[in-house]
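This report concerns only the one structure given below.
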Amino acid sequence: RQGIVTVSGGNKRVRRRKFILAASLVVVLSVAGYLYFSNKGVELNPNFTSRWIRTTTSKIAGMPGLSPDGKWIVFAAPDEKAKWDLYVISTAGGEARRLTSDSTFAYAQNVSPDGSRIVYERRPPDATSGNVDICIVPFNGGTSMKIGAGRTPKWSPDGSRIGYLRSTPGKYDFWTMKSDGTENRLVHADSGCLGAEGTWAFAWSPVGTEIAWVHPRGRNHSEIMICNLAEQSSRSVISDNTFKNEICWTPNNQLIYSSAVGEEMNLWMVPVTGGTPLQITKGLGSVDYPMISKDGHTLLYYQARTTGHLWLAQTDGSDLRKEVYSAEQYFEYPDLSPDGTSIAFGMTLPLGVYSFGTRQLFVMNRDGTDLRQITSGNDDCYGPRWSPDGKMMAYYARGKHEPTDSFKVYVVNPHKLDVPRFVGYGTDQSWVDSVTLEMTYKTRSWRGYLDGRPAKPFGDDSIFCTTVGGGQFVVFTDVHGNAVTGKIPSKVCRIEDWDGAGPRNSITLPVRGGYPNYDAYYNRVDTTLRRLSYRDWKLDTLEVYIQGIDLNSFFIRTTADGKEMIYKTTETVNKLGVIENLFK
């Protein structure tokens, strides 16, 4: 059997840019050589060992579980038909064994103290907030049983109850229940928020009388708190200006946690009584989800690496696609300039450049040279769109923890250092002409102007519309019926007939799940791309290689004449690693 799937080669010259992070396991192990000193009486073993667990897939879900004896790892992964289930593999190596056949995305696996059962989240892959199903399955495999709803379930040290976090308005509270889902109890209601945004992290103490959790203190600033469950008293263990994600409580009363410091996410350790954090890993880019065995001998961790690729292709299939840029980052919203000489796109910066995972916008030549960053600061920026004359660029942005209705549309000169100009609130902006932008705000479409005119609605409530075809047509969607049907057909009419709601002489587009572009209406069917031309309303299947293309419709853009397109693909390689004999 093969080992971890590796990322394809790509543009080696570009990969040497500063956005590339070292991948060698030797680097992380070298840290042990100089971490041989005392940390409140606990010493790291300078000779601890670390190794990767060889699996047949690189698509492993986060937050894997470790058996109490440290001999088995439980993880979620897809099979060859992209069906997700739970698997178990020995830390000594060997073949992984399938445990479930639910074919649903699983996350946050946790093995009972006696090793007989596994509790986990069963949820959609994109569930980043809210409560999801909490399920139990026998360790030897079988039928899963739903026992409740919440996040991050973990067995108490004696196995009598399961602790979990439950989302309530404005916060996450700590609850416990029996393994059959009965006797639900609210154990600790946090005065702020039990866990940071995007973080559902807590850890039981070895005797089960306390819990530790990650508590937010501001943008990408969180602290680790410990709560005495009987006394309902809390104290801070560490509060520094870093983002923290997951924690585990060791038998010798250390807290091991993941934290973004500098340009990496690494594992750190601090005594439960507080003190100076001690770095455990280094040089792996993004290391997370520590889990330790009951005897403290084996520490499990998870590594995630994402590589983005930008491709240019001729829509008539006359030439092979060309990779113009590749880096270990996540790309979004590529867009070709009207003259085809420049490419704009969004990219998630390395940790620590501005903040944890900040999305910024970049411009480069079509051959991948002269990469320039055109936005900066603490806002996440999305959707760069060239103006028709190529002189300006529009995008939308918001603070990482701001609500979705706080998105603002800006324009900026991408050819020089420039202060962005605010246009209005909204998202998904598109140019009508050199002074007019259309955007979506709350439940309707608007037009904003750069010549001083006030913004005005372009569509009625719950009518999303976009001018296409060089200003000749309006593609619109009435979302009123979506709650009932779950399917929304798009329609089109001439601009002179547009009344804000959809005139009677409009026609329903013959493709679903598509999106308007400069020259046509596109949608993807399996591994083919179809185009409905605005010029003659002819529906074509494009002879262009798009295997591996991201499903999100925003990631394909064409030139105005429809002859060339740019799109992006993403490869993710996830690994499971174990450290043994961590402590002296």
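Taking segment 204-268, which GluC sites (Glu not before Pro) meet the DSSP loop condition and have no more than 13 other C-beta atoms within 10 Å?
The qualifying sites are GLU231.
Write out the trypsin sites (Lys or Arg not before Pro) in segment 206-298 meeting two conditions: DSSP loop, and at most 10 other Cβ atoms within 10 Å of their Cβ. Numbers along the way, then the final one.
Values: sites: ARG217, ARG219, ARG235, LYS244, LYS282, LYS294; in loops: ARG219, LYS282, LYS294.
Here no trypsin sites (Lys or Arg not before Pro) fit, given the DSSP loop and packing criteria.
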Completion exercise
For GLY459, the residues 5 or more places away or on another chain with a placed amide H closer than 5 Å to its own amide H are SER445
Problem - Net length gained if the chain between ASP158 and ASP180 were fully extended (0.36 nm per residue, minus Cα distance) - result: 6.4 nm
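List the trypsin sites (Lys or Arg not before Pro) within segment 85-189 that DSSP assigns to loop and that have no more than 15 neighbouring Cβ atoms inside 10 Å. Before the final figure, lay out each step's value.
Values: sites: ARG97, ARG98, ARG117, ARG122, LYS146, ARG151, LYS154, ARG161, ARG166, LYS171, LYS178, ARG185; in loops: ARG161, LYS178.
Hits after loop and neighbour filter: LYS178.
Leaving ligands and nucleic acids out of the surface, order MET225, MET145, MET565 by accessible area at 1.4 Å, largest first. Spell out each step's value before the answer.
Values: MET225 25, MET145 100, MET565 0 Å².
Largest to smallest exposure gives the sequence MET145, MET225, MET565.
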Practice task
Report the accessible area of THR298, computed with a 1.4 Å probe over the heavy atoms of all protein chains in place, in Å² rounded to the nearest 10.
Solution key: 10 Å²
Exercise for the section: Mind computing the radius of gyration and Dmax over the alpha-carbon atoms of segment 291-434? Å is fine for both. Expected result: 18.4, 67
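Per residue and in Å³, how big is the convex hull formed by the alpha-carbon atoms of segment 351-473?
Values: hull volume 14.7 nm³, N = 123.
Taking the convex hull of the Cα positions in segment 351-473, it is 120 Å³ per residue.
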Problem - Ranking by accessible area, most exposed first, for SER233, SER222 with a 1.4 Å probe - result: SER233, SER222
Exercise for the section: Enter the accessible area of HIS297 (Å², nearest 10), with the probe set to 1.4 Å and all protein chains included. Expected result: 70 Å²
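Largest first, how would TYR521, TYR441, TYR87 line up by accessible area (1.4 Å probe)?
Details: TYR521 5, TYR441 60, TYR87 35 Å².
In descending accessible area the options line up as TYR441, TYR87, TYR521.
For the pairs LYS59/LYS154; LYS71/LYS294; LYS400/LYS575; LYS391/LYS491; LYS71/LYS282, flag any whose C-alpha to C-alpha distance is greater than 20 Å. Don't skip to the end; give the middle numbers.
On the way: LYS59/LYS154 23 Å; LYS71/LYS294 11 Å; LYS400/LYS575 28 Å; LYS391/LYS491 31 Å; LYS71/LYS282 25 Å.
Table pairs above 20 Å Cα-Cα are LYS59/LYS154; LYS400/LYS575; LYS391/LYS491; LYS71/LYS282.
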Handout entry: Point-to-point label distance, VAL435-GLU95, nm (Cα→Cβ direction, 7 Å offset)
Key = 7.1 nm
Problem - Table column - 3J(HN,Hα) (Hz), segment 131-136, Karplus curve with 6.51, -1.76, 1.60, x for Gly and Pro - result: 7, 10, 5, 9, 10, 10
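When only Cα pairs under 8 Å and 6 or more residues apart are kept, what is the percent relative contact order across segment 402-487?
So the answer I get is 17 percent.
Per 0.36 nm of contour for each residue apart, how much would the distance between LYS146 and GLU80 grow if the chain were fully extended, relative to their Cα-Cα spacing?
Numbers: separation 66, 0.36 × 66 = 23.76 nm, distance 2.60 nm.
In short, 21.2 nm is gained.
The values are calculated or read from the model by the stated rules, or taken from the named source; none is laboratory data. As the structure is a prediction and not an experimental result, all values here were calculated from the model. Glycine gets a Cβ as well: all are built from the backbone with ideal geometry, and neighbour counts include every protein chain shown. Ligands, DNA and RNA are stripped out before the accessible areas are found, and what is left, the full protein with its side chains, is counted by its heavy atoms. Shrake-Rupley method; radii C 1.70, N 1.55, O 1.52, S 1.80 Å.
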